[in-house]
Structures are given as C-alpha cells and as structure tokens.
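The values are calculated or read from the model by the stated rules, or taken from the named source; none is laboratory data. Predicted model only: the values in this text are computed from it and were never measured. We place every Cβ from the backbone using ideal geometry, glycine too, and count neighbours over all the protein chains shown.
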Amino acid sequence: MRRRMMDNQQEDSGQRPDRGEAGERIIRRGAQSGVALKAAIVGGGSACENLIMLLGGERKSRLNLDILGVADPSDDAPGMVLARKMGIFTTKDFIELYKLPGLNLLIELTDSMAVREKMIRTKPLEVSSIDHRGARLLWDLIQIEEEKRELQLEAERSITKERDWCQKVIDSLPDRIMVLNQDYTIHSVNRTFVKETGLEENEVVGRRCFEISHGIGGPCLGEGGDCPLRKVFDEGATCTVIHSHKGKDGNASFEEIMATPIFGQDGKVIQIIEGIRDVTRRVLLERELRESEEKLRQFLESAHDIICIKDLEGRYLYINPEAASSMGVMRESAVGKTEFELFPEKLARQMEAHDREVLRSSKTVSFTERLREGPGKMRHFHTVRFPILDDQGQMVSLAVIARDTTEQVRLQEEVSWNGSSAPGRMHF
C-alpha cells in the first residue's frame, strides 16, 4: 500500500515511475518473473501443435517456458504426434499430467466446458491454469514478442551491414586510418594502416596511438608536432597538423594528420578518426620552392637593372627598388597602375606598343627606349620584354627588364664625335 501511494504521488507530481535517472525505460516485473514456467497442455489439436512449434528453439529459453506434457484422447491428434516426435510426455488422460515433476501451469485448449471444469476441480492447488481464451492471449503475446524480436534482429542486421560498408569504405582509402578513443587508445584501423606499418590489427587495437606511431610514452608534443586529439575533443572541429619523424638513417619524413570528430547522439564527441598520409615529398618541394622564391626575391630586390612585371592589361604587378627609384615613385603607389598614369603620354604609347608586340608574338623582344627628364636631358634604356607562362603554356603576365644605357650612349657619341674630327681614324 505504501508503495502504491508513493507511485500515485509520483504520477500526480508528473514524475514517471517507469523511467530511470537517464530516462531509459525500466521494465517492471512481478516477484514470479524469475520462476520458470513448467507447463502441460490439455488438448492435442492443431492449436496445441502450433503452440509447441511457436515455443520451439531459442524462444523457449527467452520466455523461460517449457512444455512438459500433452494430453488428448486421440493418439493421432497433430499436437500429440508432434509432442512424441519432440520427446514430450503424452497421455490420453490429462489427470496423468499432474504427476509431472515441477508442473506449475496447465493450458487448456479443448474449448470444452466439461473438460475445463474437471481440470479446475481436480488440479493440484500449486498448479495454475489458463483456458483456451487465456491461451489465445498468451499466443498473441508470444507473437508480439516474436515480431519485436524480428524487428530487433532486422535492426541489428542493418547496423551490421552499415558498419561493414563503412569499414569497406575506410579500408579502400589510400591513407592510414585510425579511430581513437578519448584516452588515446586505438579502437580500429584500416587495411592501409596494417599494410604500411606491418602490424596486425590485434597488435594495435587497445594500445595508445603515440606508442604505435611514435614509440613514445606520452602524447605528441614539441618539435615533432602537437597531438590534434585533445583539440578535436575540446573544440569539436576538424584539425590538421604535420608531424615530422626522423628515420634510422637520420633523414626526416613528414606526415599530415587530419583528425575529424565523431559525434554521439547527444552531440558530444565520442571518438575521432585520424587520416594519416606521407607528405614528405610535398613538404620538401614546398621548402625548396620557398628557398627558390627567397633567392629570386633577393635577386630582384638587389638588382641594379629595372625589373617590372605587368598583367596582360598593362597594370604593374611588381616593380623592384631600382625601378621605383628610376620612375621616381613609391613602389606601393605604382602597383596597379599603367604606363599612362606614370609616364608622359608619348613614352607611355611607345611602351604600350612594345608590350603589344610581346602579347602578339609571345616571344622575347628587345627595344631601345628614351625618357626626356628635362630641357636637353635625355635618358636611354635598353629593354627586354618577355612573356611569363603558366603550367599550361598560357601567357599570364609579361616581364620587363631595362638597363640604363645613358652613360654608354654618351660615351659612344663622344667617341663618334671625336673620331669624325680626327682624319684617318678608323671607327668600329
């Protein structure tokens, strides 16, 4: 009574007595739920046969129900025939069923009022009974349980099929794949990981990732590259890092690790999947490229020649310090402008015509250009223009290299003038 009152109070207060703390459903069973049912069937017709077949196999153990015997006046009744085949006790007189050891349930399937009344009147007190109407309810409950079981098995088959498909996808990837738990232990790996490491899956599953990948006793920190696992668990976002390893020969190798979170139903990260690929060649090429770019930058910045790069519409993309000094402009202010915004119109048109010649022919072309800086003062330049092509062979910009030849021209003019005033001198 006290328990019932407590349950009523819970229901009145909106609480759910059939739910656990985490919200899961609690299946409440009576005190007799643990007692095995030892049943005998009175009436060996087709209903008996169907019930015996329904209770066969593993279903019998799940329901904790065992058929001890069957009684029917006819030995040829289908339920009697099946019972004998299955080694179940049979008799023509259901009174004999009372002698079966452990019997605690009689199931009446005759649909006979006389048989039912006699069974109720004569059965032992400790033996319960249900008639054919109650048996129908039992049948329906067993069918419902069977349908539920089939749905559960179908769900398990679907989950297994999906899991196997996911594993096939992971196994087909060329990168080494590890699925990791929060404590750094390896949950699973793909075939590429097994092949490239030479370790079997059972040798790595359950061990910590840093033991397998780096041979160290703790998470990866320092010069070799920080571990992305903790960051992914904390932030719930994909993280990519580069780890370096030094081989036995002393040469460094590099691996790119992309760690991606796996979320549970509550939206929290429960595992991460790490994709690992060797990027040694890429890292070394990038390093060589940076070194080459730095050398080129130093060359361009320190060159005494004027060096410019333009786009295909004549706008300056780059000018070196010597070009900025010769043009009398700040480098930042010249970038993005054309010749017409920086030079006199006559010179700008001449330079534009020279640019068009390169754009038309896609070849290197040399020109002599002059710049008047004031009354009686002229500067001379020898310029070389050539196309810059992309990896498809298409022109993307053009370069201009100009050398100030003013002094050279002046000396040549002096030599020429002096030579013309000295009879008998040979000129080259």
Handout entry: Yes/no for Ile307 being assigned to a strand (DSSP E or B) and touching a Pro at 6+ places or on another chain (Cβ under 9 Å)
Key = no
Exercise for the section: Name the single residue, out of those in the stretch 368-382 being of a type outside the set (D, E, K, R) and over 11 Å from Arg403 (Cα atoms), that is modelled with the lowest pLDDT. Expected result: Gly374
Practice task
Would you tally the residues in the stretch 206-219 being crowded, with 16+ Cβ neighbours inside 10 Å and outside any helix (DSSP H, G or I)?
Solution key: 2
Exercise for the section: Quick one: Val70 ticks every box in (1) out of contact with any helix residue (DSSP H, G or I) (no Cβ under 7 Å at 6 or more places or on another chain); (2) at pLDDT 95 or above except a single one, so which number is it? Expected result: (1)
Exercise for the section: Please specify each residue of the stretch 238-264 satisfying the condition of being farther than 18 Å from Tyr184 by Cβ, touching a residue at least 24 places away in the same chain (Cβ under 8 Å) and among the polar types (S, T, N, Q). Expected result: Ser253
Completion exercise
Of the residues in the stretch 278-302 that are free of Cβ contacts under 8 Å to residues at least 40 places away in the same chain and hydrophobic (A, V, I, L, M, F, W, C), the one that is nearest to His214 (Cα to Cα) is Val279
Practice task
Check the stretch 190-197 and report whether any residue there is of a type in the set (A, V, I, L, M) and either free of Cβ contacts under 8 Å to residues at least 12 places away in the same chain or surrounded by fewer than 16 Cβ atoms within 10 Å (Cβ to Cβ) (or both).
Solution key: yes
Problem - Residue ID - surrounded by the most Cβ atoms within 10 Å (Cβ to Cβ), chosen from residues in the stretch 303-337 that are in contact (Cβ under 8 Å) with a residue 12 or more places away in the chain and hydroxyl-bearing (Ser, Thr, Tyr) - result: Tyr316
Practice task
Only one of these is farther than 18 Å from Ile177 by Cβ, of a type in the set (Gly, Ala, Ser) and either touching a residue at least 40 places away in the same chain (Cβ under 8 Å) or not in a strand (DSSP E or B) (or both): Gly267, Gly275. Name it.
Solution key: Gly267
Practice task
Looking only at the stretch 222-264, count how many residues are of a type in the set (Phe, Trp, Tyr), assigned to a strand (DSSP E or B) and surrounded by 15 or more Cβ atoms within 10 Å (Cβ to Cβ).
Solution key: 1
Exercise for the section: Just name the residue that is surrounded by the most Cβ atoms within 10 Å (Cβ to Cβ) out of those in the stretch 80-102 that are under 59 Å from the mean Cα position of the chain (by Cα) and under 12 Å from Ala40 (Cα atoms). Expected result: Ala83
Practice task
Restrict the check to the stretch 45-67 and report whether at least one residue is part of a strand (DSSP E or B), in the same structural domain as Ala135 (by TED's automatic domain parsing), farther than 21 Å from Ile142 by Cα and at pLDDT 90 or above.
Solution key: no
Practice task
Please note which strands (runs of 3 or more DSSP E) are completely contained in the stretch 80-154 and include at least 1 residues that are touching a strand residue (DSSP E or B) at 6+ places or on another chain (Cβ under 8 Å) and among the hydroxyl-bearing types (Ser, Thr, Tyr).
Solution key: 89-91, 128-130
